[in-house]
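Student: Before I ask anything, let me first share the structure, which is written out below as structure tokens.
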Amino acid sequence: MALFVTAMSIDNIWYDAHATFYGDMSGRDTMQGACGYGDLIKQGYGLETAALSTALFNKGSSCGACFEIMCVNDPQWCIRNAGTIKITATNFCPPNYTKRVGNWCNPPLKHFDLSMPMFTKLAPMRAGIIPVKFRRVHCNKRGGVKFEIKGNPYWSLVLLYNVGGAGDVANVKIKGSRTGWTQMTRNWGQKWQTGLVLRGQSLSFQVTTSDGKMLQFDNVVPANWQFGQNFEAKTNFF
């Protein structure tokens, strides 16, 4: 289906998939995922997260997207009147081509590997795997878009997180107080990189989400920034 060749659009259509869980109720195993967010509790995502199969992950560009999921067509396991859960994509569920059965994360299957606390809102743990329906929804985040800067004097790696609206960032440009606007490239997940020398300059960003909306964050990072610091903008996508 062409819907998954590029970034999945936000719409009201429910699609078929399956869901499992990984880790335990503490959610420790869901941290440090393939999207680069690190400590999901610290970054504000909590345990309302999922690892996406290849068909949904889109080589990392779906990181940050939000989905609504409900358990369907399984009266044995679906919790009655459980309603829906909403999660943010923070990790990748890798395919396993060596197994002949149970390859839920292999393409072209659409699959969500949830944290255990989120899975058990839909079905008991012993269910193991459940059929679900899902749809892409807007992300509702508190506060502004956040930027974490790592790297070295000759290379900067910027993590964008707490992104509202579509949630998944499709393009980033950066501008130092002594440079023009420069295109950044995706390193992995939602970490974006540049080889500009930017130390001692205030930093501005142009961020575009997958729905084509762009916000410009002028001087969101002050000139005295240091690697390892986090900065929050005053605005966010809606």
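The values are calculated or read from the model by the stated rules, or taken from the named source; none is laboratory data. Quick caveat: nothing in here was measured; it's all calculated off a predicted structure. Areas reflect the complete protein model, heavy atoms only, side chains present, ligands, DNA and RNA absent. Shrake-Rupley method; radii C 1.70, N 1.55, O 1.52, S 1.80 Å.
Student: Kindly provide the pair-distance distribution of segment 156-227 built from C-alpha pairs, with 5 Å bins from 0 and whole-percent values in order of increasing distance.
Tutor: Taking every Cα pair in segment 156-227, the percentages come to 4, 17, 28, 27, 16, 7, 1.
Student: Quick one: how many lysine pairs does segment 115-178 have with C-alpha atoms less than 27 Å apart and a gap of 8 or more or different chains? Give me the count, please.
Tutor: Step by step, the pairs that qualify in segment 115-178 add up to 10.
Student: Using a/c under 1.5 as the rounded threshold, could you call segment 63-111 rounded, prolate or oblate? The axes a ≥ b ≥ c are square roots of the C-alpha gyration tensor eigenvalues, and prolate needs a/b larger than b/c, oblate otherwise.
Tutor: Because a/c hits 1.5 or more and a/b fails to exceed b/c, segment 63-111 counts as oblate.
Student: While we're on this one: Using θ = phi - 60° and the Karplus curve 6.51 cos²θ - 1.76 cosθ + 1.60, what whole-Hz ³J(HN,Hα) does each residue of segment 28-36 get, with Gly and Pro shown as x?
Tutor: Couplings: 4, 6, 8, 6, 6, x, 5, 8, x Hz.
Student: At each listed q (0.09, 0.11, 0.19, 0.22 Å⁻¹), what is the log10 of I(q)/I(0) that the Debye formula gives for segment 24-165 modelled as equal alpha-carbon point scatterers?
Tutor: Each listed q corresponds, in turn, to -0.29, -0.43, -1.19, -1.48.
Student: Still on this structure, I have one more. With a probe of 1.4 Å, find how much accessible area segment 167-210 has per residue, and write the answer as a whole number in Å².
Tutor: 38 Å²
Student: Run the accessible area of the chain with a 1.4 Å probe and give the carbon-and-sulfur part as a rounded percent.
Tutor: Ligands and nucleic acids excluded, carbon and sulfur give 52 percent.
Student: In cubic angstrom, how much convex hull volume per residue do the alpha carbon atoms of segment 119-208 span?
Tutor: 136 Å³
Student: Among bridges DSSP assigns within segment 17-152, what percent are antiparallel (round to 5)?
Tutor: The antiparallel fraction comes to roughly 65 percent.
Student: Connecting C-alpha atoms closer than 10 Å in a GNM of the chain, tell me which of Asn81, Asn58, Asn103 has the biggest fluctuation.
Tutor: Residue with maximal mean-square fluctuation among Asn81, Asn58, Asn103: Asn81.
Student: Give me the Å³ per residue figure for the convex hull around the C-alpha atoms of segment 1-93.
Tutor: 115 Å³
Student: Then there is this: Per residue of segment 79-84, what does 6.51 cos²θ - 1.76 cosθ + 1.60 with θ = phi - 60° give for ³J(HN,Hα)? Whole Hz please, x for Gly and Pro, Karplus curve as stated.
Tutor: Karplus-based 3J(HN,Hα) across segment 79-84 equals 5, 4, 6, 5, x, 10 Hz.
Student: Can I ask one more? With viscosity set to 1.002 mPa s and temperature to 20 °C, compute the Stokes-Einstein D of the chain, Rh being the Kirkwood radius across alpha carbon pairs; µm²/s, no decimals.
Tutor: Translational D for this selection: 116 µm²/s.
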